Structures are given as C-alpha cells and as structure tokens.
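Beneath this line is the structure, given in structure tokens, with notes to follow.
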Amino acid sequence: MNIAGIGIVSTRGRGIESLDIALREGWTSPKLIKSDNDQNIFYPIYSVEKETINDINLLKKIRRADRFSKMAVMAARDAVVDSGIQINDKKTDIGIILSTAFGPHVTTFRFLDDIIDYGDGSVSPTTFSHSVHNAAASYISSLLNIRGPTVTITQFASPFHQSLILAKAWLTEKRCKYVLLGCVDVCGNVMEYICNQKLRIANDGKIRPFNFSALPSSVPGEGSVFLMTSLENCQNKYCEIIPASMTNCDTIKKSDIYIIEADGMAGNETSYQDTLPVDVSIGGYAPIFGSMKIISAFHCAAGALMIKKQIKYACPVQENPYDLNVITKTESSKIERICCIRKNCADKTDIIRLIR
C-alpha cells in the first residue's frame, strides 16, 4: 500500500515540515522534570509542548478532549490535508485505524483517582468517556466527518505494526478505498514513574541506538503519527509501505538504508548485532523523538520523507562501537528501499519495508 500523506505531532513540533527540520537539526536536549520523591533530582523527558497542539480552529470543536485525543486528531487531520486527496462528502470510503500501547492512561488514572476521592456516583462522565481507548478515534471520525470502518488497536509489543497489517487487509478486501492509520501515546506522571523505576534513564538525555546494550539508555517520549494510505498511486505519494517478516531474506539483502529502532524501551538490545550488515547505510533517529512503544511510526515517517526527498539524514547520536556504516552527514542520495527494524519487548523482530 502507498503512503499518500503524513501527519505528525512530536516534541519537535507539528507537521511534516517540522519532521524535516528536526532531522536536519539532529539531537536537542530534552525537558527536565522533578522527581516526586526527591525535588533535587531531575529526569529527562521528550514531551509535546502545549503550543504545538494549541490549534484554535480544531480545539473549538474538541475543547473537552484530553492531550491523547488532541495529538491524535491533529496528526490525523494533517495526514488527510497533506495527501491532497479529494474525498466525497459522505467519506464512507475511508477507514480509521488508531493504535496505541498504553491508551489515554493519564485520563484513566484521573478517573480512578476521582472514584477514590468522590465515590463512583460523583465522578465526571466526561472524564470517564475520555478514559476509553476508542475516544480518540471517535473524535477523528467526528471532526473529519469520516463514516467508514473505525477501530482502535491496543497492543503492548507492536501496536503500529498490527495497524499496518489490518490496514493492508482492509484495502485488499476493498472494505475502503483509503485507510487513515496511525498511533498515539502520551507520557504522564504514572508513565514517567514507571520508566524511571524500570528503565535505565539517560542522565545526559541521549538515547544511543547503536550501543546494542543489555541495559540501554532511554528517555520517555510522546506524540502521534498518522498516515493516509491507499492501494492507488496518489499524486502526493511518498513511498510504498509493507509490513514484512524477518524470515524474508530479500528484506535484508535489497535495502539501501536500515533504520534501527532501538530506543531503550524494549529492554535488551544486544540481538541487533546479529541483524545488520556492515556495508549498508545505517540510521537511528530515536534520540530525536524519545523512547516509545510506537517509535516505529516515527521512523517510518522519517524513512518515507527520506525516500520522497532522496536525502539521507545524519544520525542525531553517532556513537558507533561496532563500526557500522552509520549515516554521519545529511546529503542527497539515491534511495530506493529502506528497511525499518525493531526488536520488540517480546524479543521478536518487526520489520517494515519502505519502497520508492
């Protein structure tokens, strides 16, 4: 299936142009937040600024939405606009697939806190409705007036990959002409606490994708990416996107660039050493966006932009203890195929191919 449009909301801004700027600028230091246990200790986090999702024209229609839904709506809307596809008024030929690892957990915990504080008969129905994982997809459908099939996928290991598989099935079966698919996750106080307890947080704010460590460094992040996809060759086509299996040898042999999705979120990353050839260009852009279960979507957006613009972007953190052919400078390059490789928390290899 083809990528016809991309929408992105990240710590570096909103829109495909913000992605291009971020990839050119490289690493920037994350925000520091105070520890709840010790006010003298600060932890790094890549959070989305309020100004990034402060779109008055959209917010007046979703003014009660939480951050989770707002980020999803803005990325989805931007993907539709970026595609330039002329869609009929009924919009029944567009499907929506939203994937997430943790859902709107900030709102969910707020709802649970209210039950504890006020009792189950006095909690806000608005908070409850927004604590449901499908709330964001409902907002997208309502705001964009899309009436096709809509589903939310919540999956801990590989949420974005699952959405790609389902989107391909919908398009192949002709359930819809287009599929607006994407993912969103938010980083709230609970997630910050869990990451600080369970992960090795990078004190200097740098994720190191090429260290392949048993205890990799991570920096919690958040954001949303949406893709407008179709089987048709659209005018604004970025590339073709295909979820693939590790058993497919052609996937490894025929790629011009490998994007390593090591971000410290999945734990032990030593198995990446057995996956990569030394004679192919290697990229890794997690240090720009932060550690997330949905980081694959951000790398696919970066890869699609590389293919469309025919540009290799320099890796933001270039520590290279295994002498890989890491991309060290941003330059024009002939790019036909990119392979995005991720080792998930179940120790399985997820692959996404991007083809010009």
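The values are calculated or read from the model by the stated rules, or taken from the named source; none is laboratory data. Model, not experiment: these values are computed from the prediction. As a convention, Cβ positions derive from the backbone with ideal geometry for all residues, glycine included, and neighbour counts pool all protein chains shown.
Would you confirm, using the coordinates I've provided, whether Phe102 is buried (at least 23 other Cβ atoms within 10 Å of the Cβ) and assigned to a loop (DSSP other than H, G, I, E, B)? First the steps, then the outcome.
Working: buried (at least 23 other Cβ atoms within 10 Å of the Cβ): yes; assigned to a loop (DSSP other than H, G, I, E, B): yes.
In short, yes.
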(message) If the requirement is being touching a Leu at 6+ places or on another chain (Cβ under 8 Å), hydroxyl-bearing (Ser, Thr, Tyr) and under 30 Å from Arg64 (Cβ atoms), which of these qualifies: Thr152, Thr126, Thr172?
(response) Thr152
(request) Output the strands (runs of 3 or more DSSP E) that fall wholly within the range 1-98 and possess 3 or more residues being at pLDDT below 90 and closer than 28 Å to Pro316 by Cβ, or say none. (result) 31-34
(request) Search the range 50-79 for residues that are of a type in the set (Phe, Trp, Tyr) and pair each with any residue that is surrounded by fewer than 24 Cβ atoms within 10 Å (Cβ to Cβ) and in a loop (DSSP other than H, G, I, E, B) when their beta-carbon atoms are under 8 Å apart and the residues are at least 6 apart or on different chains. (result) Phe68/Gly103
(message) Going through Val179, Val225 one at a time, which residue ends up being under 23 Å from Cys345 (Cβ atoms), touching a Gly at 6+ places or on another chain (Cβ under 6 Å) and not in a helix (DSSP H, G or I)?
(response) Val225
(request) Scan the range 99-150 residue by residue and report those that are touching a residue at least 40 places away in the same chain (Cβ under 8 Å), in contact with a strand residue (DSSP E or B) (Cβ under 6 Å, 6 or more places away or on another chain) and more than 19 Å from Leu58 (Cβ to Cβ). (result) Ser99, Thr100, Ala101, Phe102, Gly103, Gly148, Pro149
(request) List every residue pair whose Cβ atoms lie under 6 Å apart, where the two residues are 6 or more positions apart in sequence or sit on different chains, the first residue falls within the range 232-244 and is closer than 13 Å to Asp350 by Cα, and the second residue, located anywhere, is of a type in the set (A, V, I, L, M). (result) Pro243/Leu164; Pro243/Ile165; Pro243/Ile352; Ala244/Ile351
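Quick one: is Val225 closer than 21 Å to Met191 by Cα and touching a residue at least 24 places away in the same chain (Cβ under 8 Å)?
Details: closer than 21 Å to Met191 by Cα: yes; touching a residue at least 24 places away in the same chain (Cβ under 8 Å): yes.
Yes; evaluated as a whole, the condition is true for this residue.
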(message) Of all residues being touching a Lys or Arg at 6+ places or on another chain (Cβ under 9 Å), aromatic (Phe, Trp, Tyr) and surrounded by 16 or more Cβ atoms within 10 Å (Cβ to Cβ) in the range 117-172, which is nearest to Asp93 (Cα to Cα)? Just the residue, please.
(response) Tyr139
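How about the range 134-158: which of its residues are in a strand (DSSP E or B) and either of a type in the set (D, E, K, R) or under 18 Å from Met74 (Cβ atoms) (or both)? Full working, then the answer.
To start, the set of residues in the range 134-158 that are in a strand (DSSP E or B) comprises 150-154.
Result: Thr150, Thr152.
Results for (1) part of a loop (DSSP other than H, G, I, E, B); (2) of a type in the set (Asp, Glu); (3) at positive phi; (4) surrounded by 24 or more Cβ atoms within 10 Å (Cβ to Cβ), shown as yes or no for each residue.
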{"site": "Pro277", "(1), (2), (3), (4)": "yes, no, no, no"}
{"site": "Ile288", "(1), (2), (3), (4)": "no, no, no, yes"}
{"site": "Ala297", "(1), (2), (3), (4)": "no, no, no, yes"}
{"site": "Cys300", "(1), (2), (3), (4)": "no, no, no, yes"}
{"site": "Gly303", "(1), (2), (3), (4)": "no, no, no, yes"}
{"site": "Pro316", "(1), (2), (3), (4)": "yes, no, no, no"}
{"site": "Asn320", "(1), (2), (3), (4)": "yes, no, no, no"}
{"site": "Asp323", "(1), (2), (3), (4)": "yes, yes, yes, no"}
{"site": "Thr328", "(1), (2), (3), (4)": "yes, no, no, no"}
(request) Go through Thr52, Thr28 for me and flag whichever is of a type in the set (S, T, N, Q) and in contact with a Lys or Arg (Cβ under 6 Å, 6 or more places away or on another chain). (result) Thr52
(message) Of all residues being outside any strand (DSSP E or B) and of a type in the set (Val, Ile, Thr) in the range 257-275, which is farthest from Ser332 (Cα to Cα)? Just the residue, please.
(response) Thr270
(message) For a quick check of your reading of the model, give me the residue pairs whose first member lies in the range 196-215 and is under 17 Å from Tyr272 (Cβ atoms) and among the hydroxyl-bearing types (Ser, Thr, Tyr), whose second is modelled with pLDDT of 90 or more and part of a loop (DSSP other than H, G, I, E, B), with beta-carbon atoms closer than 7 Å and at least 6 apart or on different chains.
(response) Ser213/Glu269
